[in-house]
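Enquirer: I am attaching a structure below and will ask some questions about it afterwards.
Since every read-out is calculated from the coordinates, none of them should be taken as a lab result. Because the structure is predicted, anything quoted here is derived from the model rather than measured. Every residue, glycine among them, receives a Cβ derived from its backbone with ideal geometry; neighbour counts consider all protein chains shown.
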Amino acid sequence: MADLPLVTYPNPQLRQVVGPVVDFDVPELSALIADMEQTLRRAKGLGLAAPQVGSAQRVVLVNTRDGMLALVNPNISERSAEQETGEEGCLSVPRVFGLVSRAKSIGVQAQTAAGETVTFRADGLFARVIQHEIDHLDGILFIDRVKKFTGGSVLLKGMWEKFLPHRTGKTTTSKH
Ligand SMILES: [Zn+2]
């Protein structure tokens, strides 16, 4: 197992739409998941997507109370109409935090490292982390969805305003 270096913004690798895993039950996939687990544990994050460690594969990890959950080729099959706004950060966008609205509850379909299909429902923070991580597989970062930045200094907020012309949606920045 290796502790992998994190790819950080604005590295263009984070903007790639990555392809599905086609080979299951192979040492390469197990090794990627093991390395991601170690990396996530060390970074003390809630979730990690393969592009954040430089791998162009549809693999995400979620750090749950019951341990690390690896999802291969994850898809959101259903989203609740009800949304919830919560604060997010990202290991690839250090020291930046903001409020993001996400579906409160989702249906997830994914595969295990062995290629078995799993389906489950996720709510609240668990649903939020999964939505955040799947976004990474499509080259989307939470800063694209931020409604309001909450962390960091005013200087940092000014920097984001300047360097994120591609960001969609309205952002309110407050000085305090
Ligand atoms: Zn992230």
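Enquirer: Please give the calculated 222 nm ellipticity per residue for the chain, where each DSSP H segment of at least 4 residues contributes -39500 (n - 2.57) and the sum is spread over every residue; nearest 500 deg cm²/dmol?
Expert: -8000 deg cm²/dmol
Enquirer: Gln109 to Leu125: extension gain in nm, 0.36 nm per residue of separation minus the Cα-Cα distance?
Expert: Stretched out fully, the Gln109 to Leu125 stretch lengthens by 4.0 nm.
Enquirer: Which percent, to the nearest 5, of DSSP beta bridges fully inside the chain are antiparallel?
Expert: Given both bridge residues lie in the chain, the antiparallel proportion sits at roughly 95 percent.
Enquirer: Relative to the Cα centre, what is the charge dipole magnitude of the range 36-124, using +1 at the beta carbon of each Lys and Arg, -1 at the beta carbon of each Asp and Glu, and rounding to the nearest 20 debye?
Expert: In debye, rounded to 20, the range 36-124 gives about 260.
Enquirer: Enter the mean projected area of the convex hull around the alpha-carbon atoms of the chain, in nm², rounded to one decimal.
Expert: Taking the Cα atoms of the chain, their convex hull projects to 10.1 nm² on average.
Enquirer: Rounding to the nearest 20 debye, state how big the charge dipole of the chain is about its Cα centre with +1 on each Lys and Arg Cβ and -1 on each Asp and Glu Cβ.
Expert: Charge dipole, the chain, about its Cα centre: 1040 debye, nearest 20.
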